[in-house]
């Protein structure tokens, strides 16, 4: 069976993102589509500029779809309607610094989308803390839960949560889950990293969940279907360039990121620490590969 080329793979990844994006629209508004389109334009422009600066031809590198996927992921991670310059900075950091400064696709240590997102998240925290839902500025469900004070889970749940996750966010996560299963069925991604990530996140949440007191850290199902859990599981930790090569390494890698996401969500300054958890996992990937090679783990 002929292996799909990079361009074909990226097309399938973009197609797999569609269910999640469609689920986002009723909750986050149609501004999101404009943001995705602007990010795509910026991403292609930055990719072309970086290729030129490196003395490389635009074809076929510009058309392989990798920059477009990174741009779309960054657009989906940022609040809808953020200033255009934040998109530009995030994409310049992700594609220019995290990708091309390391030698381009296949040589980057960090996931470009998560590196760009983390850059603006740290540099512009106030601008990225505002999410507009149905024309109303509000905190995300994870922020409501994380900074609820002495309220119990039952007291805070009606404010931001639906059937089993954040209002709206549970369906967005379900959409990205469907997209991930599509990629798995098409054999575009491997199961080890996403499954290990979700299992470790759920396991940590099970330990921290006491049934709903003011000290509860949230149920497993809430953690899996709030924030960017499913987007991370199926579209970020599955990046083959920034993850370990072996199946055992990918399990360790996914589990590590799941634990880090839970710790940052529960005890850190950020309500959803996916970008930072992924970057720490990326940095650890070469060590994981080396320890496995030496049969130390």
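The values are calculated or read from the model by the stated rules, or taken from the named source; none is laboratory data. Computed from a predicted model, the values in this text were never measured in an experiment. Here the Cβ is made from the backbone with ideal geometry for all residues, glycine too, and neighbour counts use every protein chain on show.
Overview of values
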| item | result |
| --- | --- |
| Looking only at segment 249-290, and only at residues there that are loosely packed, with under 15 Cβ neighbours inside 10 Å and more than 20 Å from the chain's Cα centre (by Cα), the one that is farthest from residue 220 (Cα to Cα) | 290 |
| Scope segment 1-53; condition under 22 Å from residue 190 (Cα atoms), without any contact (Cβ under 8 Å) to a residue 24 or more places away in the chain and part of a helix (DSSP H, G or I); matching residues | 8 |
| Residues within segment 91-121 that are free of Cβ contacts under 8 Å to residues at least 12 places away in the same chain and either within 18 Å of residue 236 (Cβ to Cβ) or crowded, with 18+ Cβ neighbours inside 10 Å (or both), tallied | 1 |
| Residue in segment 169-176 that is out of contact with any helix residue (DSSP H, G or I) (no Cβ under 8 Å at 6 or more places or on another chain) and outside the structural domain of residue 11 (by TED's automatic domain parsing) present | yes |
| Criterion: touching a residue at least 40 places away in the same chain (Cβ under 8 Å) and farther than 23 Å from residue 77 by Cβ - qualifying residue of 244, 194 | 244 |
